[in-house]
1. What single numbered condition from (1) in a loop (DSSP other than H, G, I, E, B); (2) at pLDDT 90 or above fails to hold for residue 196?
2. Tally time: how many residues in the stretch 202-216 are farther than 30 Å from residue 232 by Cα, surrounded by 14 or more Cβ atoms within 10 Å (Cβ to Cβ) and more than 34 Å from the chain's Cα centre (by Cα)?
3. Looking at 68, 28, 42, which is the one that is assigned to a loop (DSSP other than H, G, I, E, B), over 22 Å from residue 264 (Cβ atoms) and either modelled with pLDDT of 90 or more or not assigned by TED's automatic domain parsing to the domain that holds residue 158 (or both)?
4. Filter the stretch 246-262 for residues that are surrounded by fewer than 13 Cβ atoms within 10 Å (Cβ to Cβ) and touching a strand residue (DSSP E or B) at 6+ places or on another chain (Cβ under 9 Å); which is modelled with the highest pLDDT?
5. In the stretch 134-168, what count of residues is obtained for those that are over 16 Å from residue 234 (Cα atoms), assigned to a strand (DSSP E or B) and under 29 Å from the mean Cα position of the chain (by Cα)?
């Protein structure tokens, strides 16, 4: 009898609690706390880096075999970025058309520059199997000057996004980006292109000159190391367009951006680094 009475009271209590909960949800005057989802996920993409620079002629370091290097102008190269992204919806997230997108990334913006050298008449020694000179003749030689730049960064950016067209997932973004340089080095080479059977004659004091030879003495490495007086911080403005593809609890966001560098890479030169960026954000709703 007592067991049946306790069971009856328990059922009545559960029914009262359920009725009270439904009443609270249906009552517009009752307080209600909306749960805001968190949108986070990976980001990755491609950089077409654009180095706006006019590097002045480097001295030949006293090496009579090396002609003065001409001016390098505006190099480009392929890079990439990878990291994490977070989106914070502004206002009522169910009806909002704007947000703040934050990204933390690793990215590279390298560069490759080359300038064809002049054609020079060179005295070529023809030797036999024993290394004895059997003939000397003048041959026109062609050269190539090459400058490759390794520039990688740890990046933090925060951009404002707005979807101006109702019912469309097309958005526009703009905001600042801050980059801390992880590597900022360059390598300058002077390469003998023709004739194919010729090579540079090594200077007697080439080690003291700070140069080195490679490729069977057909290439002279003129500079190799850190960019002089390079800045450790890069500040830029990033603007672009994106499209959100909804797929249940996550969405994919392809986008194209122009990353315009404001600060200079080196205080010795007017050297600005920008990039055209194409990539994907993948964000999960948590």
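1. Unmet for residue 196, out of (1) in a loop (DSSP other than H, G, I, E, B); (2) at pLDDT 90 or above: (2).
2. Summing the residues that are farther than 30 Å from residue 232 by Cα, surrounded by 14 or more Cβ atoms within 10 Å (Cβ to Cβ) and more than 34 Å from the chain's Cα centre (by Cα) in the stretch 202-216 gives 3.
3. Values: 68 fails: either modelled with pLDDT of 90 or more or not assigned by TED's automatic domain parsing to the domain that holds residue 158 (or both); 42 fails: assigned to a loop (DSSP other than H, G, I, E, B).
The conditions single out 28.
4. Taking the stretch 246-262 and keeping what is surrounded by fewer than 13 Cβ atoms within 10 Å (Cβ to Cβ), we get 246-249, 262.
Next, from what is left, pick out any that are touching a strand residue (DSSP E or B) at 6+ places or on another chain (Cβ under 9 Å): 246, 248-249, 262.
Values: 246: 91, 248: 85, 249: 87, 262: 97.
Residue satisfying both the conditions and the ranking: 262.
5. Step one: list which residues in the stretch 134-168 are over 16 Å from residue 234 (Cα atoms), which gives 134-148, 159-168.
Now drop any that are not assigned to a strand (DSSP E or B), which leaves 134-148, 159-162.
Remaining after also requiring under 29 Å from the mean Cα position of the chain (by Cα): 144-148, 159-162.
Within the stretch 134-168, residues that are over 16 Å from residue 234 (Cα atoms), assigned to a strand (DSSP E or B) and under 29 Å from the mean Cα position of the chain (by Cα) number 9.
Every residue, every condition in (1) without any contact (Cβ under 8 Å) to a residue 60 or more places away in the chain; (2) within 30 Å of residue 88 (Cα to Cα); (3) surrounded by 14 or more Cβ atoms within 10 Å (Cβ to Cβ); (4) out of contact with any strand residue (DSSP E or B) (no Cβ under 9 Å at 6 or more places or on another chain), yes or no:
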residue	(1), (2), (3), (4)
149	no, no, yes, no
181	yes, yes, yes, no
186	yes, no, yes, no
196	yes, no, no, yes
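The values are calculated or read from the model by the stated rules, or taken from the named source; none is laboratory data. All values derive from a computational prediction rather than experimental measurement. Cβ sites come from the backbone with ideal geometry, for glycine too, and all protein chains shown count toward neighbours.
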